[in-house]
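First the structure, in the form of structure tokens, and then the observations on it.
The values are calculated or read from the model by the stated rules, or taken from the named source; none is laboratory data. Quick caveat: nothing in here was measured; it's all calculated off a predicted structure. Heads up, the Cβs are rebuilt from the backbone with ideal geometry, glycines too, and the neighbour counts pull from every protein chain shown. Surface accessibility is based on the protein's heavy atoms, side chains included, excluding ligands, DNA and RNA. Shrake-Rupley method; radii C 1.70, N 1.55, O 1.52, S 1.80 Å.
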Amino acid sequence: MLRLASLVVTVLMSLLPATAGAAELGPWSFRAAGGGYAWMPAVVPGCVHTDLLRAKKIADPFYGTNEKDQQWIEHTDWEYRSSFAADAALLAHERVDLVWKGLDTFAEVFVNGHSVLRADNMFRSWRVDVRRQLVEGANQVLVRFRSPIAAVKPAYDALGYRLPAINDQAPEMVSMFARKAPYHYGWDWGPRFVTSGIWRPVTLEAWDGARLDDVQVFQRELTDARARLAVTALVQATRAGQATLTVTPSDGAAPVTALAALVPGENRLSAEVLIDKPERWWPNGLGAQKLYTLGVALTVDGAARGARAARVGLRTLEVVSARDKDGKSFTVKVNGAPVFMKGANYIPSDSFVDRVTPARTRALLQSAADAHMNMLRVWGGGIYEDDGFYDLADELGLLVWQDFMFACSMYPGDDAFLENVRREAVENVRRLRNHASLALWAGNNEIEAAWQQWGWQWKFHLGKAAQATIERDYKRLFQGILPRVVAEEDPGRFYTRSSPSANEDGVPPNKLGWGDNHYWGVWHAEAPYTDYATHVSRFMSEYGFQSFPTLDSVARYAPPSSFSIDSPIMLSHQRHPRGNQLVRTYMERDFRAPKDFASFLYLSQVLQATVIQYGAEAHRRRWPYNAGSLYWQLDDCWPVASWSGIDYYGRWKALHYAARRFFAPVLVSPVEDGGNVRVFVVSDRRADTRARMTIRLVDFDGRELSRHEQDVVAKANASAPLWSAWKKDILRGADPARVVLVAELREGATLLSRNLLSFMKARDLALPPPELQVAVEARGTGASVRVTAKRFARAVYLSTPDGEGTFSDNFFDLLPGESITVEWRGPVGGPAVDAARFASAVRTKTVRDTY
């Protein structure tokens, strides 16, 4: 068990330089290196692919099969240049730093022709004093990027054996030698676009004597009466001086000051802050996300030398990882209470991260919160997300499981590589450690399981000596360097060496009952999805099932002539080698063959939602033995057939609408096992809930064949079966192909949860034509849409001809005679809705319509 009482803070990167002079880098341009190429306008932050697209030198990388024609870019060296004017006031400062928040990846920086920096890690920032290279007036900056492939090819050639990197979509797998986003090299849901460029902002910072480099806040004590916080500032100084650190809380408390004598180099200054009667920060659904603001200012010898603002969330968090009678737990406790983690895995939301806007990130994280999620796993094959991502997670109550950026590969272990990783880890732990949302660190994604269980040793023809070296290097990195960095820079935060892992030598990863688990028997091994009920471990951190985007989204990357899942374009946008076959296999088990392409796309989403709902509810029913359910995956990095619940264009799939139901704070979950039907009630609430449970057997024409009602108490933070019966006693001779069991839970007049249970697969149900009726009431640029079913309607999908706008609910079941009203929100700035015209334009589709 590891207790975490450290404060959770968002440090806003708002360093206020005390400078009289200032300069801004001017417009950027770029070209292929080597001379003889024209300079073209560039955008910074950005990357070469998006710059080439803007310059119309390449076609849309995501359309059709254009990706295949753009692989030359990764083999090319590129140059970026800019300029700025330096005045006498700027040059009068002791230090003038060029600060690069992100260089992707192998870059040499020149200022006025002088080489000032060599960078080799996408995940690090770089600061270099260029005061001596500057001149008054115009100054030139040039950044030369080596091809990420060519830069590491010598290390690959010299190694003498092949390091596994199974998602690297190239004959020579070199990705593991570069500290660069692994997914850029391809994945089984992503394309191969190996980028180069200045991917995060660059600034020029002038300062004298000292600067405020970092702020960390530790929560020393938290009670209902007070919070005691230790604020530590990291100060870089060029000379001795008398420093004053002032911390000003936002709750009206008096400022606190601390004095210290600075010495040249790195200094740490600390002050203690007390907050009376603190309000606690809670994960989404359990309470408010109260955030306090601390203003932190530094003066040296009376002169201002920097300031930062820190948003503070007060809570305790611990990951209980302890042996017990069932194996080894993996339970997150917040403010002393165990909390079931509901959520998904998060990948970068674009292959080109410069295109990810704050609005897009907010839409994705808000969608997660709207679906009652309280955790996202930032997966190790992507990037450490930017500060805005974690700020939003703090605001929305989304805990973050944070992987270090290593996934599905073995890595070199030379001293230079390991030192590069150590510095990367220190920087990113420092940057993220203060966030209320940060729950834990994980060393990597699936590498421990891969090395022990995936047969890499023989697949990559590794001899005994090579195996011993690879295993030694693995342990140095994930059982040595990374846990040490976490212990030193973020003491008290839980670290797990891999996901999945029991964090014990001798206990294989994915052993049921031991730590977190990635279960892919459903999907890869074609196991029936009902196996989710028996394959439950202590925390299900990965499981998933594919679906396709809807036709509206497919039409944005494929012409109608390619509307077949086996067309070259659709296959290019299906990266799993068996993806189409697996979707078909599972679809044939549960559904009748769809009649056309659009029906196949729609039905794939209904299938995905059905499968993941079954798994998530099985996980929730096993609480507290199982303490988490994070499905793969929330989002996409490009338009593709994938495991996502939200497609690349931001459209919710059936899965995400279903997640809002199966992750509801109070869930009613009926399940049949061996002819016995049990109805569970699962509650995440912190207090008991008194409710009325109704269980009905209804036929597809609307006749109620039986009804059971009872008052129940949904115990706080618990799961329990509250009703059971034999299937034969429920049916009493009714045709199982023509009925559905309806379980509902109401708190007064409020419907907390409803769930349907069919006794046969959808393909065997005698689904009638539902005869849906649609009525529309215009509401400015939106509308209220009322849908009524004459007969049972399975998975009602609403859409508009142009695919624009969003429906507040979708892919819902309707009982005979039942109506539901959903809101449609049109595009921002769109025209007012004509109700009659919109009503005629709304399209509906149900499972019955795919026959």
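A Förster radius of 22 Å, combined with the Cβ-Cβ distance separating residue 461 from residue 172, puts the computed FRET efficiency at roughly 0.90. List the residues of segment 808-833 whose backbone N lies under 18 Å from a point placed 7 Å from the Cα of residue 763 along the Cα-to-Cβ direction. Under cut-off, by backbone N: nothing. Please report the spacing between the Cα centers of segment 435-504 and segment 799-846 in Å, no decimals. So the two Cα centres are separated by 48 Å.
For residue 57, the accessible area of its heavy atoms, probed at 1.4 Å with every protein chain present, is near 130 square angstrom. FRET efficiency for the pair residue 834 and residue 701, taken as 1/(1 + (r/R0)^6) with r the Cβ-Cβ distance and R0 = 35 Å, rounds to 0.50.
Computed over the Cα atoms of the chain, pair by distinct pair, the Kirkwood hydrodynamic radius stands at 29.0 angstrom. Report, to two decimal places, the Cα Rg of segment 479-610 normalised by 2.2 N^0.38 Å (N = number of residues). With N residues counted in segment 479-610, Rg over 2.2 N^0.38 Å equals 1.41. In terms of its alpha-carbon gyration tensor, segment 119-186 comes out prolate; a/c meets the 1.5 threshold, and the first ratio a/b outweighs b/c.
Summed over all non-identical Cα pairs, the Kirkwood treatment of segment 335-475 gives a radius of 16.9 Å. Approximating the spin labels as points 7 Å out from Cα along Cα→Cβ, the residue 128-to-residue 72 distance works out to 3.0 nm.
Average the reciprocal distances over every distinct pair of alpha-carbons in segment 572-703, invert the result, and give the Kirkwood radius in Å. One decimal place: 17.1 Å for the Kirkwood radius. Summary of packing: across the peptides 48-56, 35-43, 157-165, the per-residue average of other C-beta atoms within 10 Å ranks them, highest first, as 48-56, 157-165, 35-43.
If you roll a 1.4 angstrom probe over the protein chains with everything in place, what fraction of the accessible area of segment 514-559 belongs to carbon and sulfur, to the nearest %?
56 percent
Comparing Cα centroids, segment 777-794 and segment 595-644 end up 25 angstrom apart. Model label sites at residue 718 and residue 54, defined 7 Å from Cα along the beta-carbon direction, differ in position by 5.9 nm.
A straight Cα-to-Cα reach below 16 Å connects residue 101 with the aspartates and glutamates 24, 120, 129, 205, 213, 214, 354, 385, 386, 387, 424, 427, residues fewer than 8 places away in its own chain not being considered. Based on C-alpha pairs under 8 angstrom that are at least 6 apart in sequence, segment 202-298 has a relative contact order of 29 percent.
Stretched out fully, how many nm does the piece from residue 326 to residue 531 gain, at 0.36 nm a residue minus the Cα gap?
Additional length available on full extension: 71.9 nm.
Cross-link reach is defined here as a Cα-Cα straight distance under 25 Å, omitting same-chain residues fewer than 8 places apart; for residue 845 the lysines meeting it are 595, 653, 761, 790. A viscosity of 0.890 mPa s and a temperature of 25 °C, combined with the Kirkwood radius over Cα pairs in Stokes-Einstein, give a translational diffusion coefficient for segment 675-733 of 191 µm²/s.
All Cα-Cα distances of segment 98-214, cut into 5 Å bins from zero to the largest, leave 2, 10, 18, 18, 16, 13, 9, 7, 5, 2, 0 percent in each bin in turn. Taking the charge dipole of segment 559-648 about its Cα centre, with +1 at Lys and Arg Cβ atoms and -1 at Asp and Glu Cβ atoms, the residue from 607, 576, 619 reaching farthest to the positive side is 619. Each of 750, 844 has its accessible area taken with a 1.4 Å probe; listed largest first, they run 750, 844. For segment 157-266, the average shadow cast by the Cα convex hull is 14.2 nm², which is a quarter of the hull's surface.
In the assembled protein chains, residue 387 presents an accessible area of approximately 40 Å² (probe radius 1.4 Å). Sorting the segments 653-660, 185-192 by their mean number of nearby beta carbons within 10 angstrom, highest to lowest, gives 653-660, 185-192. Within segment 469-527, list the GluC sites (Glu not before Pro) lying in a DSSP loop whose Cβ has at most 16 other Cβ atoms in a 10 Å radius. Here the GluC sites (Glu not before Pro) that fit, given the DSSP loop and packing criteria, are 504, 526. The alpha carbons of segment 344-413 stretch over 41, 25, 18 Å along the principal axes, in descending order.
Averaged over its residues, segment 765-851 has an accessible area of 46 Å² per residue, based on protein heavy atoms and a 1.4 Å probe. Note on segment 364-425 and segment 687-704: Cα centroid distance 42 Å, given to the nearest whole angstrom.
Candidate cross-link partners of residue 342 among the aspartates and glutamates, defined by an alpha-carbon separation under 13 Å and a same-chain spacing of 8 or more, comprise 370, 542, 617, 684. For segment 129-274, the solvent-accessible area with a 1.4 angstrom probe is 38 square angstrom per residue. Average accessible surface for segment 14-118: 45 Å² per residue, computed with a 1.4 Å probe over protein heavy atoms with every protein chain in place. For the chain, what does the relative contact order come out to in percent, with C-alpha contacts under 8 Å and a separation of six or more? It rounds to 10 percent for the chain.
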